[in-house]
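Structure, as structure tokens:
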Amino acid sequence: MVFKRKISAEQKAFVKFLRQEGDVPVKEIVHRCGISRATIYRWLKSTNQSIQNSKKRGRPRLISEREERTIRRTITRLRKQEGNFSCQKIRAGSGLHHVSLWTVNRTLKRMGYAFLEARRKGILLEKDFKERVQFARKVKRNYSEDFFKKDICFYLDGVSFYHKTNPMDDARAPQGKVWRKRKEGLSVTAKGSHVGSGGRVVKMIVAISFGKGVIYCEEYEKLDGTYFANFVRRNFGDMFRKSGKNGSKLFVQDNCPILNCAKARKAVKEVGGKLFAIPKRSGDLNPIENIFNVVKKDLKTQAICLNITSESYQQFAQRVETTLYLLRREIIDNTIASMYNRLDLIIRNRGRRTKY
């Protein structure tokens, strides 16, 4: 039977009081007021009142808002100290020993973080694809297959190695994925400066040559135009001679603005050097990038095999330099010898990145 009686203002006020202040169930309101359930639901809906109990349903949250703020501060601190972080380190650093790792995992996701692939490379644009294909075809058309081995004196680049107070613990941590927000990742920074890497950074300028291995390695504090210009004047002459390429003074470096500024170009011209330019955002066309990756893997292997659980910055810097100079020459030679094959892959893939 349809309820047709008019509801008075006093009854409406009483129903509102029971719902908002007393948190009385609708069934009890029906019994006390003599009004049908449908009418109460319809009236509450028309007045934008909640028809649900004001008390929250479900399990109470195991991590409070205050503890979430602690987690955010811990993430910031761990990124500065260690770089990547795990749920276990987040829990320990935040003092949340009373919750499970799965709870920390859910909290990180609720805060906007996800366990995603680490972004280490820049994004190639459509114009980059065309430039890379044009470069590959030009080199194959104008130079011989031994060009990268016999005519390029050396391959030069700067590199950063992250010092960790406990190298073995960092070496055993998963490296393929990191906790980050979806819009976080690779950003344009100064050469040798990496946000979120953790720890102090050992910065090196390294040069490799086919048949000679690592021909030069120098640690630096700040890389700017003045420093690099002085570096060129001090060392390029000896580096050309060490390479033993029959008077050739061609060299390869990336498109970093610091390495190609006006001061640097002037210094290169003074020593008679000639840059063999490669396309932008093309680390796969500079074999020294592969060598850096090999050295970083060797450093992690050493930390595990030698059980290095504590290491000062000076000890780490010395270990980096020693590892670079002791790198097997065959690895460097095979990497440089693969350059011609890379050109074929670039042409075949229409400019997209190769496997190198």
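Every read-out reported here was derived from the displayed coordinates using simple, explicitly stated rules and does not represent laboratory data. On a predicted model such as this, the values are computed, not experimentally measured, just so you know. Note: ideal-geometry Cβ built from the backbone for every residue, glycine included; neighbour counts use all protein chains shown.
Here are the numbers:
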read-out	value
Over segment 202-356, relative contact order from alpha-carbon pairs under 8 Å, at least 6 apart, %	25
Per-bin percent of Cα-Cα distances, segment 202-356 [10 Å]	9, 34, 36, 18, 3
Projected-area mean, segment 65-111, by convex hull of Cα positions, square nanometres	2.9
Between segment 327-342 and segment 120-165, the Cα center-to-center distance that results, in Å	13
Within segment 294-356, trypsin sites (Lys or Arg not before Pro) in DSSP loop having at most 15 other beta-carbon neighbours inside 10 Å	Arg328, Arg350, Arg352, Lys355
Inter-label distance for Lys355 and Gln88, nm, one decimal - labels placed 7 Å from Cα along Cα-to-Cβ	3.3
Label-point gap, in nm, between Asn255 and Phe115 - each point 7 angstrom along Cα→Cβ	3.7
